Amino acid sequence: MYKGNAKLTRQDEKKTNFNKILVISVIILSIILIISVLSFKAMTKKEIYYKDIEIKNGQTLWQIAESEFGKESNIRKNVYQIKKINNLKNSNLSPGQIIKVPIEKEV
């Protein structure tokens, strides 16, 4: 009976060691993945350019943001950015007014 218990203990030790190795491997792979993603983001740099847009009669910041950034983008955020860049206190625009719109390009 004693040998049987010793054999189970050795099997338990092997399972425990295997589990430890598995957990350590997963942690190492996770670290490598995180470092890879961060280094890739650092490599893809984006530069911001500014496009001048002349306001037409009845045109709104919302329409400009939709046309420049797409309907799927965060329009509110884009309108806020345009207002901030152009030092606009409100969303009122005048025909003929020229505003700058930020455009990101990957380098």
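The values are calculated or read from the model by the stated rules, or taken from the named source; none is laboratory data. All figures in this text were calculated on a predicted structure; none of them were measured in a lab. Here the Cβ is made from the backbone with ideal geometry for all residues, glycine too, and neighbour counts use every protein chain on show.
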Taking the range 36-86 and keeping only residues that are assigned to a strand (DSSP E or B), acidic (Asp, Glu) and within 16 Å of Glu104 (Cα to Cα), one is left with Glu47, Asp52
Boolean, Ile27 is under 18 Å from Ile98 (Cβ atoms) and in a helix (DSSP H, G or I): no
Within the range 15-57, restricting to residues that are touching a Pro at 6+ places or on another chain (Cβ under 8 Å) and β-branched (Val, Ile, Thr), the one that is modelled with the lowest pLDDT is Ile48
Being without any contact (Cβ under 8 Å) to a residue 24 or more places away in the chain and surrounded by 12 or more Cβ atoms within 10 Å (Cβ to Cβ) narrows Lys83, Lys14, Lys71 down to just Lys83
Here the residues within the range 85-105 that are modelled with pLDDT of 95 or more and among the basic types (Lys, Arg) are Lys100
